[in-house]
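The values are calculated or read from the model by the stated rules, or taken from the named source; none is laboratory data. Quick caveat: nothing in here was measured; it's all calculated off a predicted structure. Neighbour counts run over all protein chains shown; Cβ positions are idealised from the backbone, glycine included. Ligands, DNA and RNA are excluded from the accessible area calculation, which covers all protein heavy atoms including side chains. Shrake-Rupley method; radii C 1.70, N 1.55, O 1.52, S 1.80 Å.
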Amino acid sequence: MKSAIPPSHLEKLRKEADEYVPAVGAAPLPRIGISANRKEGLSCIAEPYCQAVLLAGGAPVVIPVMTDIKALAAVANTLDGLILSGGGDMDPSFLAEAPVPELDGVDAFRDAYDFLLLRLAFIRQMPILGICRGHQVINVAFGGTIYQDIPTQFSATALSHSQTAPRHCATHIVTLTDIPSALRSIAPGKNVWKVNSLHHQAVKEVARGFVATAVARDGVNEGIELTEYPLFGVQWHPEQMAAAGDEDMLNIFRFHVRRASVFAEAKRLHDRILTVDAHTDAPMVYAGDFDLGLRTGGRFNPPFTEGKVNLPLMELGRLDAACMVAYIPQGERTDAAYRQAWEYTLERLSQLIRQERLHPSRVGIARTPDDLLRLKRDGKKAIFLGVENGYAIGKDLRRLKTLKQWGVSYITLCHNGANDLCDSASGKPEWGGLSAFGREAVHEMNRLGLLIDVSHAAETTFYDVLHESRLPVIASHSSVRALCNHPRNLTDDQIRALAAQGGVVHICLYTGFIREKSGETGCPGATLSDAVRHINHAVRLAGIDHVGIGSDFDGGGELIGCRAANEWIQITVRLLEEGYSDEDLRKILGGNFLRVLQTLQEAPQSSSTIDTRSGAHSNL
């Protein structure tokens with residue numbers, strides 16, 4: 001029998017593989033996972049999906065149909081983007097609906113695979129594109145509904161959405177909606193697209209949080225997008241047209257691959273730098289003993305009912321460290337109340353320290369920047385200890401030394417309402433800034449190397465602290481008052497003054513500190529895009545060395561686009577898209593906090609310590 005491939009060709013292929021060397025300095029192609037179809041025991045995919053990804057500059061990875069969560073998660077960890085492909089109808093039992101007679105060969109096993117794969121990709125925050133069935137899967141997975149059959153359930157006069165023309169041919173048009181969307185950014189100024197049509201199911205009620213981005217002439221939905229997330233779907237089959245040379249359709253894949261490239265860059269950056277969330281209230285959502293190694297146990301903050309900061313979420317979001325505070329509500333200023341507050345403070349801190357014993361291979365308590373570096377090199381997450389509200393020390397300065405010995409890195413001087421140290425940004429002023437006791441506390445904290453946090457402080461307190469402290473201070477979770485007029489935010493003058501003393505303002509992701517309410521019914525909450533504007537404003541005012549991030553997760557902090565620690569990497573993605581350099585991000589995402597912390601602790605300079613000029617760790 002004559003060989004189908006001559007030996008000379010085999011030799012050419014061997015030589016091509018053996019001699020291939022990537023271009024020096026070139027970023028690897030983003031890995032785009034493609035969900036497979038399932039037919040007659042085969043996991044398979046139409047070649048135009050792979051061709052379109054290749055033409056767009058990505059590396060296609062076809063994912064076999066399976067429901068083994070361990071294996072799917074392992075695959076998801078290797079991907080930079082996901083495409084949910086088209087195929088057969090969805091099983092209506094996922095919607096608690098009876099099937100209509102026109103239903104065409106449902107496969108509940110593939111449905112389960114798609115839903116698992118989508119969720120694994122979403123909680124990792126990778127860019128996702130749904131095509132035809134994939135567009136419908138996305139909508140159902142997030143709470144929307146579908147028409148099982150357009151002609152019988154939507155309208156008998158609907159257009160024919162199952163064309164007989166070749167798949168690469170356009171047979172009808174869709175119109176983009178007026179809202180900003182991925183589709184509008186792909187082809188600016190082009191509101192009408194010529195597309196193909198190969199489906200008889202369609203999106204019915206758009207899932208909450210999503211917006212409709214395209215519609216057919218008969219009113220059938222043709223596009224959806226999740227606001228502030230890299231997740232969108234189209235009802236047609238752009239891969240067929242893209243592979244045949246249609247530039248508009250190819251641009252959809254180019255857009256998706258570009259997003260995946262930025263996401264891959266963000267992941268690589270997180271591997272090289274130290275990232276720190278400067279303020280979280282994780283201990284507040286638990287009562288008694290708790291375990292940060294689990295995804296369950298917190299008391300509130302839906303949809304993350306388990307709390308917004310724990311080890312699984314930090315691992316997913318590639319966040320190295322979180323400052324977790326023992327939050328102490330302002331109470332009565334009596335001996336009994338002070339004793340109770342102190343006991344509660346130590347109990348909450350002991351619970352955080354306990355996590356190191358519960359999960360010695362996953363987390364450690366960091367007291368210095370070098371501790372964080374060591375933990376990261378060991379593949380562990382880090383917790384910096386903090387106390388929110390100087391009310392915890394009562395009137396006893398000796399407690400500051402105790403907190404330092406326990407490993408506390410910073411203390412927020414007050415919360416909502418004046419205490420014995422100072423006036424707060426909330427409530428009635430009492431001292432006109434720092435009290436005499438508060439001044440003593442500032443001096444003692446300087447002596448001990450305890451970082452002073454002026455978030456929640458009144459403006460008078462803020463300036464008194466800058467006057468009294470000989471070392472830099474921080475605002476661990478405060479945003480820009482010029483963009484959102486809230487007394488908890490800092491004025492431009494305050495931001496400049498904080499920077500002039502070497503301190504850092506950490507932009508807070510609490511919606512009320514990011515965008516003022518418009519008064520409109522149903523006005524959506526603040527977004528990550530809004531927070532990026534605060535970051536940009538603070539950088540312009542103070543310089544890149546004096547801005548950081550303090551999410552306030554589990555203390556009410558969350559934004560559309562960044563709701564929990566697993567979504568923290570979206571901050572990196574957005575700032576990369578804004579044009580910030582790797583060095584800029586090294587500073588904003590943790591280096592500036594670590595620089596100030598090291599200054600306070602007067603750690604010796606060596607080749608393995610944080611560079612105080614750049615906020616970068618020289619050995620990472």
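Quick check: convex hull of the Cα atoms in region 1-154, volume per residue, rounded to a whole Å³?
On the way: hull volume 27.5 nm³, N = 154.
Cα-based convex hull of region 1-154, divided per residue, equals 178 Å³.
In a Debye calculation with equal point scatterers on the alpha-carbon sites of region 162-205 and no solvent, what is log10 I(q)/I(0) at q = 0.20, 0.31 Å⁻¹? The Cα Debye sum returns log10 ratios of -0.78, -1.05. Relative to its Kirkwood radius, the Cα radius of gyration of region 474-578 gives an Rg/Rh of 0.96. Element breakdown for the chain at a 1.4 angstrom probe: carbon and sulfur atoms account for 53% of the accessible area.
At full extension, Glu430 and Cys169 could sit 86.5 nm farther apart than now, given 0.36 nm per residue minus the alpha carbon distance. Put simply, the Cα atoms of region 369-526 extend 50, 45, 28 Å along their principal axes, the longest span coming first. Of all beta bridges DSSP finds with both residues in region 25-72, what is the antiparallel percent, to the nearest 5? Counting only bridges with both partners in region 25-72, antiparallel ones make up about 40 percent.
For Glu343 and Ala27 in the same chain, what is the full-extension length gain: residue separation times 0.36 nm, less their Cα-Cα distance, in nm?
On the way: separation 316, 0.36 × 316 = 113.76 nm, distance 5.25 nm.
Extra length from Glu343 to Ala27 when fully extended: 108.5 nm.
The ellipsoid equivalent to the alpha-carbon distribution of region 198-294 has semi-axes of 38, 22, 10 angstrom, derived from the gyration tensor eigenvalues as √(5λ) and listed largest first. Remark: the chain carries 40 Å² of accessible area per residue (probe radius 1.4 Å; ligands, DNA and RNA excluded).
With a cut-off of 12 Å between beta carbons, the residues surrounding Asn77 carry a summed charge of +3, where Lys and Arg count +1 and Asp and Glu -1.
Using R0 = 56 Å, the C-beta based FRET efficiency linking Arg217 and Asn485 works out to 0.75. Give me the distance in nm between label points sitting 7 Å out from Cα along the Cα-to-Cβ direction at Glu247 and Thr67, one decimal. That separation, rounded to one decimal, is 4.6 nm. Straightening the chain between Thr334 and Arg398 buys 21.3 nm, computed as 0.36 nm per residue apart minus the Cα-Cα spacing.
Measuring between their Cα centroids, region 213-274 and region 524-545 lie 26 Å from each other. Taking amide hydrogens as placed 1.01 Å from N in the peptide plane, the amide H of Val62 sits under 5 Å from those of Ile34, each at least 5 positions away in sequence or on another chain. Entry note, the chain: the mean residue ellipticity at 222 nm calculated from DSSP H runs of n ≥ 4, each adding -39500 (n - 2.57), is -10500 deg cm²/dmol after division by the residues and rounding to the nearest 500.
Taking max minus min of the alpha-carbon positions on each principal axis, region 132-235 gives extents of 36, 31, 20 Å, largest first.
Determine, from the Cβ-Cβ distance of Ile353 and Glu11 and an R0 of 41 Å, the FRET efficiency 1/(1 + (r/R0)^6), rounded to the nearest 0.05.
On the way: r = 63 Å, r/R0 = 1.54.
After rounding, the FRET efficiency stands at 0.05.
Partner lysines whose Cα lies under 28 Å from the Cα of Lys267, excluding those fewer than 8 positions away in the same chain, are identified as Lys70, Lys308, Lys376, Lys380, Lys381, Lys587.
Take 188-199, 274-285, 68-79 and order them by the average number of nearby Cβ atoms within 10 Å per residue, most first; the result is 274-285, 188-199, 68-79.
Here is what passes the span test in the chain: the DSSP H helices with alpha carbon length of 20 Å or more along the helix axis and a Kyte-Doolittle mean of -0.5 or above are 108-123, 528-542. Computed over region 195-291, relative contact order equals 18 percent, with contacts defined as Cα pairs under 8 Å that lie 6+ residues apart.
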